[in-house]
Amino acid sequence: MPVIWGIVLAAGLGRRIGGPKALLSLDGRTFLERAVRAFTEAGLEVVVVVNPVVDAAVPKGALSARLVVNPDPDQQNGMFGSVRLGVCEALKLGARGALLLPVDLPLVTSEDVRAVVTRLNAGAAVVVATHAGRRGHPIGISRAVMDEVVTDPSTTTLRDIVRKDPARVVEVPVSVGAITGVNTKEDLDRASNRTFR
């Protein structure tokens, strides 16, 4: 069976919400802890791409994950620079596939992760988590697509990966966590209310 790694994209500076989203807390855990836990509970090894602020804030050895620092996420092609860093690290570690999860989706569950992994293991090139017909995260990519991420200069966003060849994309229905992104304090309040339902 292929070795699939989880990649948490946690290098954003979170300017709209007042600081890195990775360090926001929900139900007693940071967003970063929640993302890593969703992956590890699903049996995946994890790479986390962080910015220097997050790297300094996370105690060494506190996470069951490998941290990779994106030194300047604003200048490194935004989020996709972090995608490339994470994919490169996972490839070095022998990954045959990967799940990409932005850290600002704190309600993604291990069950959501398993659903995407199942379709990736079944041979899909790209797997997109959906809820109520809306596409979200995590996004699963095969080894061949990981190679594209690293080598194809025309690919500059996660959307490019998904739209490049619609025939290779498989959608899998998961929980509302896949589409519950947190960008503002109001979003955080809404996410918090869902956590306790």
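The values are calculated or read from the model by the stated rules, or taken from the named source; none is laboratory data. Note that this is a predicted model, so its numbers are computed, not measured. Every residue, glycine among them, receives a Cβ derived from its backbone with ideal geometry; neighbour counts consider all protein chains shown.
Residues in segment 143-185 that are modelled with pLDDT under 90, part of a helix (DSSP H, G or I) and farther than 20 Å from Ala124 by Cα: how many?
Summing the residues that are modelled with pLDDT under 90, part of a helix (DSSP H, G or I) and farther than 20 Å from Ala124 by Cα in segment 143-185 gives 1.
Enumerate the pairs (first residue in segment 111-125 and in contact (Cβ under 8 Å) with a residue 40 or more places away in the chain; second residue anywhere and of a type in the set (Val, Ile, Thr) and assigned to a loop (DSSP other than H, G, I, E, B)) with beta-carbon separation below 9 Å, excluding pairs fewer than 6 apart on the same chain, so at least 6 apart or on different chains.
From segment 111-125, the pairs are Glu111/Val174; Asp112/Val174; Val113/Val174; Ala115/Val174; Val116/Val174.
From the residues in segment 1-38 that are basic (Lys, Arg) and in a helix (DSSP H, G or I), which one is surrounded by the fewest Cβ atoms within 10 Å (Cβ to Cβ)?
Arg15
Consider Glu111 carefully, then state whether it is in a strand (DSSP E or B) and within 30 Å of Leu26 (Cβ to Cβ).
Here the answer is no, as Glu111 does not meet what is asked.
Are there any pairs with C-beta distances below 7 angstrom linking a residue in segment 32-58 that is among the polar types (S, T, N, Q) to a residue that is outside any helix (DSSP H, G or I) and surrounded by fewer than 18 Cβ atoms within 10 Å (Cβ to Cβ), with the two at least 6 apart or on different chains, and if so which?
Partner pairs satisfying both residue conditions: Thr40/Ser64; Asn51/Leu13.
In segment 133-167, what residues are surrounded by 15 or more Cβ atoms within 10 Å (Cβ to Cβ), among the charged types (D, E, K, R) and closer than 15 Å to Cys88 by Cβ?
The answer is Arg143, Glu148.
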